[in-house]
Amino acid sequence: MDFPAWDPVIVELGPLALRWYGLMYVVGFTFGHMILVRLARAGFLPISEEQVSDLILWLVFGVLLGGRLGYAAFYQPSLFSGPQLLQLWEGGLSFHGGLLGVVTVAILYSRKTKLPFGRLCDSLALAVTPGIFAVRLANFINGELYGRITDASARFAMRFPSDPAAQRLLQLDGLGLREREVRILNAMSETRPEGYTGAMWADIADQVPLRHPSQLYEAFGEGLLVGLVLFIVYQITKKRPLGMGVYAGIFLIGYGAWRFVVENFREPDAHLGVRALGMTRGQQLCSAMIAAGIAVVIWRWKARLEPKVEPTT
């Protein structure tokens, strides 16, 4: 397959730029808001529709702050030593950090509103998967988080212009983010732009290795597949909802398991590589997710089976 080479920037207005990555977060929160409103109307999430908008603001803060701090803690601790920690436009948000941020916000919000924490987490699990799908597509458009090297036998294998081999051949070292992006777009052009003197993609493509488009594997698995499973479970049980926290537990297991598998096709972070027990950092974090999800489901299932003791008078 050919990498589509879309411009990561949708439109530039002076020093400001609207990027697909930022837009997909907006898309995710928009769909999340719609789903939470429907859950509130159905009585599954016991808050008013007006309160949903307030909850979304809390979630935006939790995702961005948790995602950035998680990225620094799990993948690049050096960010804590300088102003780069605040430079979100340079990229670097961790899903697992964002998840911890959302859990923290959920705890605070449930205490503030007296909302059952377990049911709030269930609702968020049902609402989050469209956002995961959208952001993974943005990762693909950006050419980031690409997969491991493979060969032409892999059906969806493609060459990424952001590959280190392509970066060297296109002489992109030391350039700013937007300058690199423009150079890549020029190189991917079928015709040589006026005044362009760099290497064209056709000149170097055979020197760039084929890789798995792991961003798409994650988008369709973590986003669509896990979301479909949760939707079916909800539809089957909406007249008699499962115990509080079970839907969230299913999400933790589903996302963690799919991501754990896809990590075998995703290029490990160069400065981290494979860690203890032969696992990548993502697999380590997903193992914790799966364990937490299983624990929650078992705990709530046992609580459901325990006989209720009527109070004596």
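Data overview
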item: Test: residue in the range 197-220 that is more than 23 Å from Phe156 (Cα to Cα) and either charged (D, E, K, R) or assigned by TED's automatic domain parsing to the domain that holds Phe95 (or both); result: no
item: Residues of the range 6-21 that turn out to be loosely packed, with under 14 Cβ neighbours inside 10 Å and either under 20 Å from the mean Cα position of the chain (by Cα) or part of a loop (DSSP other than H, G, I, E, B) (or both), as a count; result: 3
item: Residue match in the range 154-173 (condition: among the acidic types (Asp, Glu), modelled with pLDDT under 95 and touching a helix residue (DSSP H, G or I) at 6+ places or on another chain (Cβ under 8 Å)); result: yes
item: From the options Leu175, Leu115, Leu124, Leu99, residue that is part of a loop (DSSP other than H, G, I, E, B) and closer than 30 Å to Ile47 by Cα; result: Leu115
item: Test: residue in the range 228-240 that is without any contact (Cβ under 8 Å) to a residue 60 or more places away in the chain, closer than 17 Å to Ala127 by Cβ, within 17 Å of the chain's Cα centre (by Cα) and in a helix (DSSP H, G or I); result: yes
item: Residue in the range 142-155 that is in a helix (DSSP H, G or I) and not hydroxyl-bearing (Ser, Thr, Tyr) present; result: yes
item: Filter result for the condition that a residue is of a type in the set (Phe, Trp, Tyr) and either under 24 Å from Pro213 (Cα atoms) or in a strand (DSSP E or B) (or both), over Phe3, Phe44, Phe31; result: Phe3
item: Positions within the range 1-39 being free of Cβ contacts under 8 Å to residues at least 24 places away in the same chain and of a type in the set (A, V, I, L, M, F, W, C), in sequence order; result: Ile10, Val11, Leu13, Leu16, Leu18, Val26, Met34, Val37
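The values are calculated or read from the model by the stated rules, or taken from the named source; none is laboratory data. Since this is a predicted model, take the numbers as computed values, not measurements. Cβ atoms come from the backbone with ideal geometry, glycine included; neighbour counts cover every protein chain shown.
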